[in-house]
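Everything below concerns the one structure shown next.
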Amino acid sequence: MVVRTRVNGEWREAEVWPGSSLLSLLRDGFGLYGAKNACEQGECGSCSVWLDGALVCSCLVLAGQAQEREVRTVEGLRDGTQLHNVQQAFVDAGAVQCGFCTPGFVVAVADLLEKDRNPSSVTIREALSGNLCRCTGYQKIVDAVNLAATRLQART
Amino acid sequence: MDVLLPRSLDEALAMKAQRPEAMPIAGGTDLMVEVNFGRLRPPAFIDVSRVPELSVVQQENGHIFLGAGVTYAAVVVGLTVCRPLVQASRSVGSPQIRNRGTVGGNLGTGSPAGDALPVLAAYDADVVLRSQARGERSMPCGTRNAMVIAVAGLCLQVDEDSRRVKIALGSVGPTIIRAREAEDQVSEAMESAGVWQDRTKRPDDAVIEEFAGRVAAAARPLDDVRGTAAYRRHACQVLARRALSWALDERALPSWL
Ligand SMILES: Cc1cc2nc3c(=O)[nH]c(=O)nc-3n(C[C@H](O)[C@H](O)[C@H](O)COP(=O)(O)OP(=O)(O)OC[C@H]3O[C@@H](n4cnc5c(N)ncnc54)[C@H](O)[C@@H]3O)c2cc1C
Ligand code: FES
Ligand code: FES
């Protein structure tokens with residue numbers, strides 16, 4: 001089937017097997033490799049994207065369910081050559097090791113900060129409970145969230 | 001395989017009547033795992049996630065109508081009148097899962113571990129079914145006949161209005177037991193630490209530990225085939241510690257999460 005979706009502001013379409021997930025539409029159909037395929041069962045969050053503004057695991061969305069809908073991916077966060085605040089904070093806080101989980105975390109953190117600019121540590125842990133990292137032990141990731149939040153507040 | 005995309009309930013029912021083998025898919029959080037792992041290949045899916053009639057939440061003379069397509073995230077934000085369902089919904093998966101997973105999907109899967117199901121059963125909810133051929137009918141969301149007899153059960157309430165923690169124990173005495181000494185101890189400790197005034201504060205771990213010990217001391221368990229008295233008392237202590245920690249974590253969260 002042909003699926004037509006607005007991805008990061010641009011209408012795109014691709015032919016997919018009807019049982020494909022939104023994750024494979026993004027990767028194999030549109031060549032957007034930011035969202036990662038790790039577990040395909042909703043456990044790890046490395047495939048996180050926004051579907052009509054809601055944070056979801058793209059591996060659990062049927063590609064057809066994204067027909068005529070709005071998808072935002074990690075690729076849409078950067079502004080030209082300028083990294084998004086959350087991406088920069090991950091770099092600066094050293095929150096990236098192998099990097100496989102990073103796009104999913106960046107999307108989940110950006111989602112969190114859009115809702116709560118000054119999240120408590122309990123809020124951070126709960127908001128990121130759907131994202132797994134096998135390398136960092138999470139503390140650096142939490143540090144990155146705090147850094148991004150501090151910079152966000154300083155800006156306005 | 002086909003994917004059908006109805007825009008209204010009538011259209012969805014017409015599609016289902018025409019293709020009875022087509023499978024509804026809502027959040028996909030149960031079904032897509034099966035598809036991804038090659039265990040499920042239905043001839044067609046009907047995407048009910050954009051059927052507006054299914055995402056309705058309505059209150060009418062003491063009854064709550066909850067559309068099958070209402071997500072857990074929507075329950076958390078929109079159904080504050082039904083605290084038990086909010087709590088059950090918050091405990092589901094992760095934010096990503098709660099943004100997609102629906103109460104109807106939980107019923108559709110019907111796993112005994114479905115977190116929304118005990119709440120629906122406790123509220124004596126009716127499940128409203130609709131098809132083109134048979135119209136609308138309703139059936140009780142009965143409890144299944146899988147008898148699970150608890151070795152210990154515990155219900156903890158953090159009452160913000162009266163500034164009291166209340167705790168009741170089941171299966172560990174001849175009656176339900178309120179652990180009043182533990183209630184006094186922890187409620188007062190939370191008062192003096194300023195926890196009631198500030199939801200982000202927690203009492204010291206030592207306070208929680210003492211509370212758990214007092215709860216266990218209040219139990220009056222017996223030995224029987226399902227567990228020893230010592231095990232049941234220990235279970236009360238662990239449950240009390242966890243229940244209070246979880247409740248304190250939860251009251252510190254912002255209301256949207
Ligand atoms: C990582 C992860 C964590 C999870 N954690 C929990 C948890 O903590 N607690 C818990 O209870 N569950 C959990 N689940 C399971 C799942 O999220 C829930 O069961 C959820 O409620 C399913 O809803 P859905 O809309 O995604 O269902 P879907 O997968 O879309 O559908 C499930 C079933 O319901 C049927 N169905 C759906 N909507 C309708 C309808 N309107 N009419 C008729 N049939 C319908 C479908 O045909 C299918 O048989 C988890 C799943 C994942 C992947
Ligand atoms: S790949 Fe989607 S959650 Fe792991
Ligand atoms: S950095 Fe390797 S999995 Fe997170």
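Among the residues of the range A:2-10, is there at least one that is surrounded by 20 or more Cβ atoms within 10 Å (Cβ to Cβ), within 16 Å of ligand 2 (Cβ to nearest atom) and either touching a residue at least 12 places away in the same chain (Cβ under 8 Å) or not in a strand (DSSP E or B) (or both)? No, every residue in the range A:2-10 fails to be surrounded by 20 or more Cβ atoms within 10 Å (Cβ to Cβ), within 16 Å of ligand 2 (Cβ to nearest atom) and either touching a residue at least 12 places away in the same chain (Cβ under 8 Å) or not in a strand (DSSP E or B) (or both). Pairing residues of the range B:180-208 that are touching a residue at least 12 places away in the same chain (Cβ under 8 Å) and hydroxyl-bearing (S, T, Y) with residues that are in a helix (DSSP H, G or I) and open to solvent by 30 Å² or more (accessible area, probe 1.4 Å), at Cβ distances under 8 Å and at least 6 apart in sequence or on separate chains, gives B:T200/A:V122. Being over 15 Å from A:R151 (Cα atoms), away from ligand 2 (no atom under 16 Å from the Cβ), surrounded by fewer than 23 Cβ atoms within 10 Å (Cβ to Cβ) and in contact (Cβ under 8 Å) with a residue 24 or more places away in the chain, is that true of even one residue in the range A:128-139? Within the range A:128-139, one or more residues are over 15 Å from A:R151 (Cα atoms), away from ligand 2 (no atom under 16 Å from the Cβ), surrounded by fewer than 23 Cβ atoms within 10 Å (Cβ to Cβ) and in contact (Cβ under 8 Å) with a residue 24 or more places away in the chain. When you scan the range A:107-115, do you find a residue that is in contact with a strand residue (DSSP E or B) (Cβ under 8 Å, 6 or more places away or on another chain), open to solvent by less than 40 Å² (accessible area, probe 1.4 Å), within 16 Å of ligand 3 (Cβ to nearest atom) and hydrophobic (A, V, I, L, M, F, W, C), even just one? Yes: one or more hits. Here A:T123 meets the list (1) under 25 Å from A:L32 (Cα atoms); (2) of a type outside the set (K, R); (3) more than 16 Å from ligand 2 (Cβ to nearest atom) almost entirely, failing just condition (1).
The criterion of being loosely packed, with under 14 Cβ neighbours inside 10 Å, in the same structural domain as B:S171 (by TED's automatic domain parsing) and modelled with pLDDT of 95 or more does not hold for B:A212. Considering only residues in the range A:36-51 that are within 8 Å of ligand 2 (Cβ to nearest atom) and either open to solvent by less than 40 Å² (accessible area, probe 1.4 Å) or over 29 Å from A:A127 (Cβ atoms) (or both), the one that is nearest to the chain's Cα centre (by Cα) turns out to be A:S48. Residues in the range B:93-134 that are within 14 Å of chain A (Cβ to nearest Cβ) and open to solvent by less than 20 Å² (accessible area, probe 1.4 Å): B:S94, B:P95, B:Q96, B:R98, B:G101, B:T102.
Highlighted here are the strands (runs of 3 or more DSSP E) found entirely within the range A:34-94 that include at least 3 residues which are at the interface with chain B (Cβ under 10 Å from one of its Cβ atoms): A:48-51, A:54-57.
Considering only residues that are open to solvent by 10 Å² or more (accessible area, probe 1.4 Å), within 16 Å of ligand 1 (Cβ to nearest atom) and touching a residue at least 12 places away in the same chain (Cβ under 8 Å), which ones fall in the range A:52-66? If the condition is that a residue be open to solvent by 10 Å² or more (accessible area, probe 1.4 Å), within 16 Å of ligand 1 (Cβ to nearest atom) and touching a residue at least 12 places away in the same chain (Cβ under 8 Å), then A:D52 is the only one that fits.
Looking only at the range A:79-90, decide whether some residue is in contact with a strand residue (DSSP E or B) (Cβ under 7 Å, 6 or more places away or on another chain) and either touching a residue at least 24 places away in the same chain (Cβ under 8 Å) or open to solvent by 10 Å² or more (accessible area, probe 1.4 Å) (or both). No: zero hits.
The values are calculated or read from the model by the stated rules, or taken from the named source; none is laboratory data. Computed from a prediction, not measured in an experiment: that's the story for all the values here. In this analysis, Cβ positions are derived from the backbone assuming ideal geometry, glycine residues included, and neighbour counts consider all displayed protein chains. Surface areas here come from the heavy atoms of the whole protein model, side chains and all, with no ligands, DNA or RNA. Shrake-Rupley method; radii C 1.70, N 1.55, O 1.52, S 1.80 Å.
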